[in-house]
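No value in this document is a laboratory result; all are computed from the given coordinates. The shown structure was predicted, so the numbers you read here are calculated from the model rather than taken from an experiment. Note that we place each Cβ from the backbone using ideal geometry, even for glycine, and neighbour counts take in every protein chain shown.
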Amino acid sequence: MIGVAGTAGAEVTVTLMPSESAPIIAKEMYGQFTEHLGNCIYGGIWVGEDSKIPNTNGYRNDVIEAIRELKVPVMRWPGGCFADEYHWMDGIGPRSERPRMVNTNWGGTVEDNSFGTHEFLNLCELVGVEPYISGNVGSGSVEEIQKWIEYMTATDGPMALLRKKNGREKPWKVKYFGVGNETWGCGGNMTAEYYSDIYRRYQTYCKNYSGNTLYKIASGGNASDYHWTDVCMKNAAKMMDGISFHYYYVDDWAAKGSATDFSDDNYYMTMGHVYDINAAIEGHSKVMDKYDPERRVGLMIDEWGTWWDVEPGTNPGHLFQQNTMRDALVAAVSLNIFHNHAARVKMANIAQFANVLQAMLLTKDEQMVKTPTFYVFKMYIPHMDARLVPLKVDCDVLEVHGRKAPVVSATASQKDGRTTISLANILLDKAQEITIDLGSIIPVKNGKPVAVGVQGEIISAKDIHDFNGFGEAEKVNIKPFKGADLKNKTVLKVKLPAASVVTLSIG
């Protein structure tokens, strides 16, 4: 059942509480995830130099431009579950000589290894993205991981000589290295106690070569598995820089539901589930604080997002799903929540970048579509590396099948003399009247507030089910927003349409 707690129709107030001691919103919260799964890599990013699709060194030109447009800060590769059956030496050397393998996790597709270490790291270098490598702990050895790091980052030595033989003279810079993936499941079905010992062993051989310094990330628990976090932090916190956890907005894995055909009730259930991630972050953070009160170790949400049934007629193992205005609202509310935990959350990687799950981009041969989620990420760029402005939202709260979901979600940040406020209204049928007192952020001269300008952008749709299809005009994208009215220089009145996301720039 869905009900409303609070005064229905009451005006919403947002109270800003700027503080110089507030944390910086790490740009890495806007990270992406690229796995050898379906058409994320092949067809989504990589088409090869001989493709008729316009490309640069085998990478789709339209995708290159989209990565740059989003200012993607970090990209995780090669998985995911695929990472723990991936042996990196199969993906180096002449492509015609690379061995093939069966991708047993994702549809039994034959993997030809034409996209390997050089292809990924060269892409990151081309577009200015920090690489995040997931090491194979599930089926790989300590020696294999050690040699991979040496191959990528060493100036000299046997692996560096092999890299040079394969055409790359100087080493790459690789900051983020994950020691295993979902080791509680597809990465080895380990216990927390066993993995914490495995982590201690493997990380010992994750060496720093030639001035490259690794940021080592432990494989954390699933969703709200605080026991896993407790054991790993107790046993290995001093040996890690970050610990991950994964969170997908799925209630029933046997019946996840359609990406495009869903009821209002299902929509509100999803939004209620989205708000649950706040409690999960708080739970993991509380455990981490016991062993790391200085908050040196980062919490890395390196897989998150929606997971619907695949589109009819597609390979069930390729996880291709459409992306509607519902997904845009999921993204906005999630990012707002992540910002509030910026003191502990240092990275988040939405799953996945292209053609898989809650993707930024969908491709079909030479065509490419930017999804509603893409446009939320683009609208939120001003929050990257900005100082969080803590805030309080007073609004109605939905009771959604036992979950609580505030009808308005908000976040704010400051950078380069400007304040950015992002707002999301999750109600499908009702606009929200919002009052924001800007007095705490407006500069004062001679005892009077200085006049500032307000610019706005909005993402909305005529229907919550709308998506951007191939060969069609975009139904969901960014448009100018004119619904903000600044009164007496300090009070901002905002009429936030139903099921919309708005970002305001003030300064």
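Some points to look at:
- Amide proton proximity set for N181, modelled H, under 5 Å, gap of 5+: V137, G138
- Spacing of the two label points (7 Å from each Cα toward its C-beta) at V450 and E399, in nm: 4.9 nm
- D112 paired with D50, simple spin-label distance in nm, labels 7 Å along Cα-to-beta-carbon: 0.8 nm
- Using alpha-carbon coordinates, inclination of helix 117-127 to the longest axis of the chain, degrees: 40 degrees
- By the Cβ rule of 4.7 Å, the chain holds the following cysteines without a possible disulfide partner: C40, C124, C206, C232, C395.
- For the pair N61 and E125 in one chain, pulling the backbone fully straight at 0.36 nm per residue adds 21.6 nm over the alpha carbon distance.
- Across the options S141, N39, I436, the greatest Cα extent toward the positive end of the charge dipole of the chain (unit charges at beta carbon of Lys, Arg, Asp, Glu) belongs to I436.
- Using θ = phi - 60° and Karplus 6.51 cos²θ - 1.76 cosθ + 1.60, couplings along the range 13-28 (whole Hz; Gly, Pro as x): 10, 10, 10, 8, 10, x, 8, 5, 8, 5, x, 7, 7, 4, 4, 5
- Dividing the summed helix terms, -39500 (n - 2.57) for each DSSP H run of n ≥ 4, by the number of residues in the chain produces a 222 nm estimate of -7500 deg cm²/dmol to the nearest 500.
- Of the residues I426, A359, V450, the one whose Cα sits farthest towards the positive end of the charge dipole of the range 351-507 is V450 (charges of +1 on Lys and Arg Cβ, -1 on Asp and Glu Cβ, taken about the Cα centre).
- Neighbourhood charge, 12 Å Cβ-Cβ cut-off, centred on P449 and excluding it, Lys, Arg +1 and Asp, Glu -1: +3
- A simple charge model with +1 on the Cβ of Lys and Arg, -1 on the Cβ of Asp and Glu and nothing else charged puts the dipole of the range 27-387 at about 1320 debye relative to its Cα centre.
- Counting only alpha carbon atoms, the long axis of helix 192-204 and the longest principal axis of the chain meet at about 60°.
- Cβ crowding within 10 Å, taken as a proxy for footprinting-reagent exposure, orders S19, S505 from fewest neighbours to most as S19, S505.
- Fully extended contour minus Cα-Cα distance, from E282 to D252, at 0.36 nm per residue: 8.5 nm
- Averaging Cα coordinates gives a centre for the range 437-502 and one for the range 83-97; these two points are 48 Å apart.
- Cβ-based charge dipole, the range 27-387, positive-most Cα from Y195, Y86, L123: L123
- Taking a sphere under 13 Å around the Cβ of G108 and counting the other residues whose Cβ falls inside, with K and R at +1 and D and E at -1, yields a net charge of -1.
- Take the Cβ atoms of Y226 and D197, set R0 to 22 Å, and the FRET efficiency comes out at 0.70.
- Taking label points 7 Å from Cα along the Cα-to-Cβ direction, E143 and D309 give a separation of 4.9 nm.
- Proxy reagent accessibility, fewest Cβ within 10 Å first, across M300, M269, M101: M101, M269, M300
- Residues within the reach of a label modelled at D463 (point 7 angstrom out along Cα to beta-carbon, backbone nitrogen below 19 Å), restricted to the range 353-395, are 371-373.
- The slack between T15 and K487, meaning 0.36 nm per residue of separation minus the straight C-alpha distance, is 168.3 nm.
- Proximal charge balance of S219 [Cβ under 10 Å; K/R count +1, D/E count -1]: -3
- Axis angle, to the nearest 10 degrees, between helix 325-340 and the longest C-alpha principal axis of the chain: 90 degrees.
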